[in-house]
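Step one of this worksheet: look at the structure below.
The values are calculated or read from the model by the stated rules, or taken from the named source; none is laboratory data. Computed from a predicted model, the values in this text were never measured in an experiment. Here Cβ is always computed from backbone atoms with ideal geometry, including for glycine, and neighbour counts include all displayed protein chains. Heavy atoms of the whole protein, side chains included, go into the accessibility calculation; ligands, DNA and RNA do not. Shrake-Rupley method; radii C 1.70, N 1.55, O 1.52, S 1.80 Å.
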Amino acid sequence: MKSFNRPFQRISINEMENYIDENGRIDSRVDVCGFFLCKKGWVKVNLDEKTYILHSGDMYLYAPATFVNILKWSPDLEGIVFKANLDFILPLIEKAVSMKNILAVRDKPCITLLEEQQKRVEEMSNMLEQREENLEKYISI
């Protein structure tokens with residue numbers, strides 16, 4: 001059986017505790033970026049010395065080597081955490097977004113999505129995950 005290493009990972013909220021150290025800091029890597037889409041509840045985070053509170057419909061885009069501290073979250077927090085290898089995501093971003101907008105993410109990492117945009121992000125992450133699961137099954141045959 002061949003091994004398959006996904007270029008991205010979708011993480012459940014329950015698994016997030018595995019990525020947070022005793023100081024509330026999320027492990028930051030130079031070659032990983034991603035997003036957190038808040039679907040329910042709220043989370044208070046400190047991103048490079050700025051504090052944000054994300055609510056349902058808010059998305060946090062994190063760039064490589066960003067220092068993120070999770071300060072608090074509501075008991076009913078639900079969302080999508082999606083992280084990807086930079087080599088995987090950069091070609092996709094470069095086709096869809098200008099370099100000016102890519103750099104703007106560092107200054108404004110939190111955005112509020114319209115309901116339709118939120119649904120689209122969820123659909124795209126589900127489709128990508130399903131595609132990779134199907135590929136994984138095919139490779140392991």
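Data table
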{"read-out": "Residue match in the range 109-116 (condition: modelled with pLDDT of 70 or more, more than 16 Å from residue 38 (Cβ to Cβ), surrounded by fewer than 14 Cβ atoms within 10 Å (Cβ to Cβ) and not hydrophobic (A, V, I, L, M, F, W, C))", "value": "yes"}
{"read-out": "Restricting the range 16-32 to residues that are farther than 26 Å from residue 115 by Cβ and open to solvent by less than 80 Å² (accessible area, probe 1.4 Å), the residue that is modelled with the lowest pLDDT", "value": "28"}
{"read-out": "In the range 33-61, residue least open to solvent (accessible area, probe 1.4 Å) [restricted to those that are closer than 15 Å to residue 106 by Cβ and part of a loop (DSSP other than H, G, I, E, B)]", "value": "48"}
